[in-house]
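Here's the structure we're looking at; comments come further down.
Please treat every number below as a calculation from the coordinates, not as lab data. Quick caveat, the model's predicted, so the values are computed rather than measured. All Cβ positions, glycine included, derive from the backbone under ideal geometry; neighbour counts span all protein chains shown.
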Amino acid sequence: MAAIEARGLSLTFRTADGPVHALTELDLTIEAGEFVSLIGPSGCGKTTLLRVIADLETPTGGEIRVNGVAPEQARLRRDYGYVFQAPALLPWRRIEANVTLPLEVMGLPRAERRARAQRQLALVNLAGFERKFPWQLSGGMQQRASIARALAFDPALLLMDEPFGALDEIVRDHLNEQLLALWRRTGKTVVFVTHSIPEAVFLSTRIVVMSPRPGRITDIVPCDLGRDRPLEIRETAEFLRIAQRVREGLRAGHSYEG
């Protein structure tokens, strides 16, 4: 069963200035265990597509299934975790308490909440920081804590909306390596929004290239680089070939404008 299956997916926002076509006739299948990046210019519908998967937006045309059910059912079953662009941690709660927040909402016993939080914090290399407050952590560490929170209830699917975009290149490279290792260990399906071609190629099994609004898919690029990818792979001919194809897909997408 596919993790995500969209057919003829469209979404039009009604505004005072007229309709805004955010997504148009999208067809996309993402298999369980894939790492798929969505890339395209600002306003092309990447985040909108992620929000449709998460049942935060309702499509106006076509259909979409998440783990075999409608997005609303997937949300109610807690099939996915969502990582936003900013960590969105509550400043008055310690890191462990931030991670356990969704588990409190679910009504899990305190001991189980703490055990799960400790496991997920160890998974993102934050063991020992449970009692810190968010303001005591660097930006990269805060974002890792938000990933631990998204994983706390063990969802099959992880939705990530440009989580490393605000970080400097050195920190971003480090978190890319950690995220890739986490994906290998957990086997979860990841859908990842980014503006960075090197980031998309380094992380993904496939890259979905989108055009400017109205959001369409101009290309789906396979990244056959294996599961073990050191940062040095970015200097290889195969990596550069894939990056060039993504770049060409982005350029081709502009022919849809107007």
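To the nearest 10 degrees, how steeply does helix 95-106 sit against the main Cα axis of the chain, on a 0 to 90 scale?
The two axes meet at around 70 degrees.
Roughly how far apart, in whole Å, are the Cα centres of segment 190-234 and segment 132-161?
Cα centres, segment 190-234 to segment 132-161: 22 Å.
Which value in deg cm²/dmol, rounded to the nearest 500, describes the helix-derived mean residue ellipticity at 222 nm for the chain, given -39,500 (n - 2.57) per DSSP H run of n ≥ 4 and division by the residue count? Write out the running numbers ahead of the final one.
Working: 8 runs with 95 residues, N = 258.
Mean residue ellipticity at 222 nm (helix-derived): -11500 deg cm²/dmol.
What distance in nm separates the two pseudo spin-label positions at residue 236 and residue 29, each 7 Å out from Cα along the beta-carbon direction?
If labels sit at residue 236 and residue 29, their model points lie 2.8 nm apart.
More than 27 angstrom separation, counting every C-alpha pair in the chain; what % is that?
Numbers: 12620 of 33153 pairs.
Above the 27 Å cut-off, the chain has 38 percent of its Cα pairs.
Between residue 1 and residue 181, what is the label-point separation in nm under the 7 Å Cα-to-beta-carbon projection?
3.3 nm
At residue 42 and residue 56, where each label point lies 7 Å from the Cα along Cα→Cβ, what is the point-to-point distance in nanometres?
1.8 nm
Nearest 10 degrees, 0 to 90: what angle lies between the long axis of helix 110-123 and the longest principal axis of the chain (Cα atoms)?
60 degrees
How much length would be gained if the chain were fully extended between residue 170 and residue 69, taking 0.36 nm per residue of separation minus their Cα-Cα distance, in nm to one decimal?
Numbers: separation 101, 0.36 × 101 = 36.36 nm, distance 3.94 nm.
Full-extension gain reported as 32.4 nm.
Could you work out how much longer the chain between residue 195 and residue 14 gets when fully extended? Use 0.36 nm per residue separation minus the Cα distance between them, nm to one decimal.
Details: separation 181, 0.36 × 181 = 65.16 nm, distance 2.64 nm.
Roughly 62.5 nm would be gained on extension.
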